[in-house]
Amino acid sequence: MCKCNCSSAGSDLKLLDGVLESYGGDKGNLITVLQKAQEIYGYIPTDVVYYIAEKMGSTPAKVMGVATFYTQFRLKPIGKYLIMLCKGTACHVNGSGEIEKAICKHLNIEDGGTTDDGLFSLKNVACLGCCSLSPVMMINGVAYGSLTPDKAVGILEDLKKEAAE
């Protein structure tokens, strides 16, 4: 058991043991371990940070420093649908700001937030690499391009109906 008694916080830390056996012996593998942890839990819970630190011979502050430095890591649970809205140059020039306003208003969340029902999370990203589709958002790996505010809200409504079925 972890010295920090983090198992009481709720995460099944045993799920990480195979990952730590494979990668935990080298502090240079911290990013890989965090990626695998996020795959397992959907985000990186605080008790997992402490567990990784102890098992890799590091400190929670160092692990958290890496987890907060890279935008790929989430420290809070996300909704069923993760909306990644591109804020790159092409998307910005083509109206991603207005699309963000429409999404935020429609879902009553801000960047980094999750709806109260746990259905949607919004994350602004620097670039999705789909510049020819700008403005673009990606939801659970599916790209939606040539967006307008109304089109973006329509997509969200379709997903909401799909989730209700």
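If you filter segment 88-136 down to residues that are polar (S, T, N, Q) and part of a helix (DSSP H, G or I), you find that the one that is surrounded by the most Cβ atoms within 10 Å (Cβ to Cβ) is SER96. In segment 32-61, the residues that are under 16 Å from LYS14 (Cα atoms) form Cβ pairs under 6 Å with partners that are part of a helix (DSSP H, G or I) and of a type in the set (S, T, N, Q), at six or more places apart or across chains, as follows: ILE44/GLN38.
In a loop (DSSP other than H, G, I, E, B) and outside the structural domain of ALA143 (by TED's automatic domain parsing): which single residue out of LYS62, LYS36, LYS76, LYS14 fits that description?
On the way: LYS62 fails: in a loop (DSSP other than H, G, I, E, B); LYS36 fails: in a loop (DSSP other than H, G, I, E, B); LYS14 fails: in a loop (DSSP other than H, G, I, E, B).
On inspection, the qualifying residue turns out to be LYS76.
Within segment 11-51, the residues that satisfy the criterion of being more than 19 Å from PHE69 (Cβ to Cβ) and of a type in the set (S, T, N, Q) are SER11, SER22.
For ALA163, the test of being over 12 Å from LYS80 (Cα atoms) and out of contact with any Asp or Glu (no Cβ under 7 Å at 6 or more places or on another chain) is failed.
Taking the criterion of being among the hydroxyl-bearing types (Ser, Thr, Tyr) and in contact with a helix residue (DSSP H, G or I) (Cβ under 7 Å, 6 or more places away or on another chain), the residues of segment 21-66 that qualify are TYR23, THR32, TYR41, THR46, TYR50, TYR51, SER58, THR59. Considering ASP158, ASP150, ASP111, ASP117, the condition of being within 26 Å of THR68 (Cα to Cα) and out of contact with any strand residue (DSSP E or B) (no Cβ under 9 Å at 6 or more places or on another chain) is satisfied by ASP117 alone. Specify the residue that is modelled with the highest pLDDT; the eligible residues are those in segment 74-114 that are more than 20 Å from LEU159 (Cβ to Cβ) and in contact with a Phe, Trp or Tyr (Cβ under 9 Å, 6 or more places away or on another chain). Once the filter is applied, the top-ranked residue is LEU75.
The values are calculated or read from the model by the stated rules, or taken from the named source; none is laboratory data. Everything numeric here is computed off the predicted structure, so don't read it as measured data. Cβ sites come from the backbone with ideal geometry, for glycine too, and all protein chains shown count toward neighbours.
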